[in-house]
Amino acid sequence: MTALSVDIQSKCFGSHQVLGPMAFEIAAGERVALLGPSGIGKSTLMGLIAGTDPVFDGRVSRPNGQIAMVFQTPRLLPWRTLVQNIALIPDAGGEPTARARLAEVGLADAADQYPEKVSLGMQRRAALARALAVEPSVILMDEPLVSLDPASAQAMRGLLTEALDRTGASALIATHNRAEALALCDRVLELDGPPATLRKDRASPLDRTRRADAAAVDALCREWYGDVR
Amino acid sequence: MGRGQSAVWPLVSLAGLVALWTLCSSVLQLDTLPGPLEVVRAAQIEIAQGYFGHLGATLLRVTAAFVIAMAIGSAIGIALGMSADANRIFGGWLVLFLNLPALVTIILCYVWFGLTEVAAITAVSINKIPNVAATVREGARALSKDLAEMAAVYRLDWRERLIHVVLPQLAPFFAAAARNGLALVWKIVLVVELLGRTNGVGFEIYAHFQLFDVAAILAYALGFIVVVQAIELLVLEPWERAANRWRR
């Protein structure tokens, strides 16, 4: 079953074309990486898929269920506590659910803190909890591990995998980090440009258990991309 | 140190001003420059003749005009800040009203609506609305696109967006408008009372001006300064502190 279908002809900002023609589908439950260097247009593409930017040539068929997004910056409301940030989302199921979701990402004790008073890693986890709270059929994640220290990134990766295992949601994860893409996803879409087009669309030979092994990820990374990470 | 000192300095500074005032009035010995003690005596006489009633009447007018101006001015400011079209069409009006002298608005309101309470409060509100609108417009122009996108993805309806996303971003601009507003509104209310009301601080100041009774004029002016300062300290500042709780 297809969870998400994307068929884009072009996306321009003024006379500057950012995205070229590209088409792909994501199956229900599938985890797909959108891999490309910074500035290639991954966030722009995510915006088109999320529906925040309706101005482009092409078509995006979204699922019937909720679509959730974990933005590159946490985008929490700084004047609401973490639990309020989740509870105020219409489909999030209110405060008890919000607390439960925060507990799942290890933020039970920080639930009543304001976002600016906790670390970036904690804000990221709260943003993930918010995405999970709407019980989405598709989660879009824009660089979910960027600018975290290695320990926080490791913890966040674990939480992401666990959450996707538990909910069975499809995921499209934009990243510039090849090892990260291989550690998280069933399939890797590589963007090249400008304007950005789909250069490669490869299924990962690593299954979900073997992906947890850093050595296996490193080996595949070398095989696919040479020695560059 | 620190906190204690910051509370002491304004008092020291005010005491210095009172000392200078006492010195000037005792050196010059003019009827038109009474010292602090004479002002207190004048206030005592006025209290027997309805001082607090006049203070209260003025305070009610200030409150009514302030609330109306903040509500209408904020709505206009948000509309102009969020819609470039609205700003193109009505931005010029705002400039015109910003530069319309208070006295002209007051006289026109009295001429058109009669010497009534409604005309008085309308005149003060019209004077204040453009300032509030201009301040809030700046805030509405700078609203975060990131948070708007978040609200769209998570399907917040317009009411939820207003309460959780838009208004909190505008809070510092409301605070600035309120602070400037209070000072401006009460000064204009006095003029309105002087020109067309039969009670209030402005009316009393006019009555005592005809008698050249400077002590009573100062008694009313100082009384109202105390009231406005109290509102600032007891209402506006606690509200601002509560609104800024989330900041690091």
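Bear in mind that the values in this text are calculations on the coordinates, not laboratory data. All values reported here derive from a predicted model rather than from experimental measurement. So basically every Cβ, Gly included, is an ideal-geometry build from the backbone, and we count neighbours across all protein chains shown.
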(request) Within 10 Å of each residue's Cβ, count the other Cβ atoms and sort B:TYR51, B:TYR206, A:TYR225 from fewest upward. (result) A:TYR225, B:TYR206, B:TYR51
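Dipole size in debye (nearest 20) for region A:103-229 around its Cα centre, Lys and Arg Cβ +1, Asp and Glu Cβ -1?
Values: 16 positive and 20 negative charges, 44 e Å.
My answer is approximately 220 debye.
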(message) Quick check on packing: order A:149-157, B:27-35 by the mean number of other C-beta atoms within 10 Å, highest mean leading.
(response) A:149-157, B:27-35
(request) With viscosity set to 1.306 mPa s and temperature to 10 °C, compute the Stokes-Einstein D of region A:69-169, Rh being the Kirkwood radius across alpha carbon pairs; µm²/s, no decimals. (result) 120 µm²/s
(request) Among the lysines, select those whose C-alpha is under 16 Å from the C-alpha of A:LYS11, and discard any that sit fewer than 8 residues away in the same chain. (result) A:LYS42
(message) Quick check on the protein assembly as shown: helices-only [θ] at 222 nm, where DSSP H runs of length 4 and up contribute -39,500 (n - 2.57) each and the sum goes over total residues. Nearest 500, please.
(response) -19000 deg cm²/dmol
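Order the peptides A:6-14, B:135-143 from the highest to the lowest mean number of other Cβ atoms within 10 Å of their residues. Don't skip to the end; give the middle numbers.
Details: A:6-14: 14.9, B:135-143: 19.0.
Final packing ranking: B:135-143, A:6-14.
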(request) Starting from the Cα of B:THR32, step 7 Å along the direction of its Cβ; do the same at A:ARG62; then give the gap between the two resulting points in nm. (result) 7.3 nm
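Please state the relative contact order of chain A as a whole percent: Cα pairs under 8 Å, 6+ residues apart? Before the final figure, lay out each step's value.
On the way: 439 pairs, mean separation 59.1, N = 229.
Relative contact order, chain A: 26 percent.
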(request) Relative to the longest principal axis of the C-alpha atoms of chain B, give the angle of the C-alpha long axis of helix B:201-210, reported between 0 and 90° and rounded to the nearest 10°. (result) 30 degrees
(message) If I take all pairs of Cα atoms in region A:76-128, what percentage of them are more than 13 Å from each other?
(response) 48 percent
(request) Calculate I(q)/I(0) for chain B by the Debye formula, one identical point scatterer on each C-alpha and no solvent, and give its log10 at q = 0.09 Å⁻¹ to two decimals. (result) -0.53
(request) Provide the descending list of Cα extents for region A:1-59 along its principal axes, expressed in whole angstroms. (result) 37, 24, 19
(request) Mind pulling the angle between the C-alpha long axis of helix A:94-104 and the longest principal axis of chain A? Nearest 10 degrees, somewhere in 0 to 90. (result) 70 degrees
(message) Nearest 5 percent is fine: what portion of the DSSP beta bridges confined to the protein assembly as shown is antiparallel?
(response) 50 percent
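Considering only the other residues whose Cβ falls under 12 Å of the Cβ of B:ALA175, what net charge follows from Lys and Arg at +1 and Asp and Glu at -1?
Values: positive: B:ARG179, B:ARG241; negative: B:GLU232, B:GLU237, B:GLU240.
For residues surrounding B:ALA175, the net value is -1.
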(request) Could you please state, rounded to a whole Å, how far the C-alpha centre of region A:59-110 is from the C-alpha centre of region B:98-121? (result) 51 Å
(message) In the protein assembly as shown, if the dipole is taken from +1 on Lys/Arg beta carbons and -1 on Asp/Glu beta carbons about the Cα centre, which of B:VAL235, A:ALA153, A:LEU48 is farthest to the positive end?
(response) A:ALA153
(message) Please give me the summed charge of the neighbours of B:VAL132: other residues whose Cβ is under 13 Å from its Cβ, Lys and Arg +1, Asp and Glu -1.
(response) +2
(request) Starting from region B:1-109, pick out the trypsin sites (Lys or Arg not before Pro) whose DSSP state is loop and whose Cβ has at most 14 other Cβ atoms within 10 Å. (result) none
(request) Just tell me how shielded B:143-150 is by partners: mean number of partner chain Cβ atoms within 10 Å of each residue's Cβ, no decimals. (result) 5
(message) I'd like the distance between the alpha-carbon centres of region A:180-197 and region A:140-175, rounded to an integer number of Å.
(response) 15 Å
(message) Tell me the volume per residue, in Å³, of the convex hull enclosing the alpha carbons of the protein assembly as shown.
(response) 211 Å³
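For region B:159-248, go through all pairs of different Cα atoms, get the mean of 1/r, take its inverse, and jot down that Kirkwood value in Å. Show your work: numbers first, answer last.
On the way: mean 1/r = 0.0645 Å⁻¹.
Computed over Cα pairs of region B:159-248, the Kirkwood hydrodynamic radius comes out at 15.5 Å.
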(message) I want to verify the translational diffusion coefficient of region B:7-72 in µm²/s; compute it with Stokes-Einstein, Rh as the Kirkwood radius over Cα pairs, at 10 °C and 1.306 mPa s.
(response) 107 µm²/s
(request) Excluding residues fewer than 8 places away in the same chain, name every one of the aspartates and glutamates whose C-alpha is closer than 18 Å to that of B:LYS128. (result) B:GLU117, B:GLU138, B:GLU193, B:GLU232
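Which order do B:CYS24, B:CYS109, A:CYS221 fall in if you start with the one that has the fewest other Cβ atoms within 10 Å?
B:CYS24, A:CYS221, B:CYS109
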(message) Please state the shape class of region A:1-123: rounded when a/c is under 1.5, otherwise prolate if a/b exceeds b/c and oblate if not, all from the C-alpha gyration tensor.
(response) prolate
(request) For chain A, state what percent of all Cα-Cα pairs lands in each successive 5 Å bin, counting from 0 Å until the bin that includes the largest distance. (result) 1, 7, 15, 18, 19, 16, 13, 8, 3, 0
(request) Output the Cα-based Rg and Dmax of region A:131-205 in Å, rounding Rg to one decimal and Dmax to a whole number. (result) 13.1, 37
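Would you tally the net charge around B:ALA57, using a Cβ to Cβ cut-off of less than 11 Å, leaving B:ALA57 out, and scoring K and R as +1, D and E as -1? Provide the component values of the computation, followed by the final result.
Details: positive: B:ARG61, B:ARG197; negative: B:GLU117, B:GLU193, B:GLU204.
Overall, the nearby charge balance is -1.
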(request) Determine ³J(HN,Hα), in whole Hz, for all residues of region A:137-154 in sequence, where each value follows from phi through the Karplus function 6.51 cos²θ - 1.76 cosθ + 1.60 and θ = phi - 60°; x replaces Gly and Pro. (result) 8, 10, 10, 9, 10, 9, 6, x, 10, 5, 6, 9, 5, x, 5, 5, 5, 4
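Place a +1 charge on the Cβ of each Lys and Arg in region A:160-229 and a -1 charge on the Cβ of each Asp and Glu, then give the dipole magnitude about the Cα centre in debye, rounded to the nearest 20.
Details: 11 positive and 12 negative charges, 17 e Å.
Using only the charged Cβ atoms, the result is roughly 80 debye.
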(request) Read phi for every residue in region A:56-71 and hand back ³J(HN,Hα) as whole Hz from Karplus 6.51 cos²θ - 1.76 cosθ + 1.60, θ = phi - 60°, with x for Gly and Pro. (result) 6, 8, x, 9, 10, 9, 8, x, 5, x, 5, 10, 10, 9, 9, 6
(request) Calculate one ³J(HN,Hα) per residue across region A:16-29 by plugging θ = phi - 60° into the Karplus curve 6.51 cos²θ - 1.76 cosθ + 1.60, and present them in order as whole Hz with x for glycine and proline. (result) 8, 7, 9, 10, x, x, 7, 9, 7, 10, 10, 7, 4, x
(message) Give me the one-decimal nm value for the distance between modelled label points at B:THR116 and B:VAL228, 7 Å along each residue's Cα-to-Cβ direction.
(response) 2.8 nm
(request) State the answer as a single residue: which of B:GLY200, B:LEU182, B:LEU218 lies farthest towards the positive end of the charge dipole of region B:118-242, with beta carbon charges of +1 for Lys and Arg and -1 for Asp and Glu, about the Cα centre. (result) B:LEU182
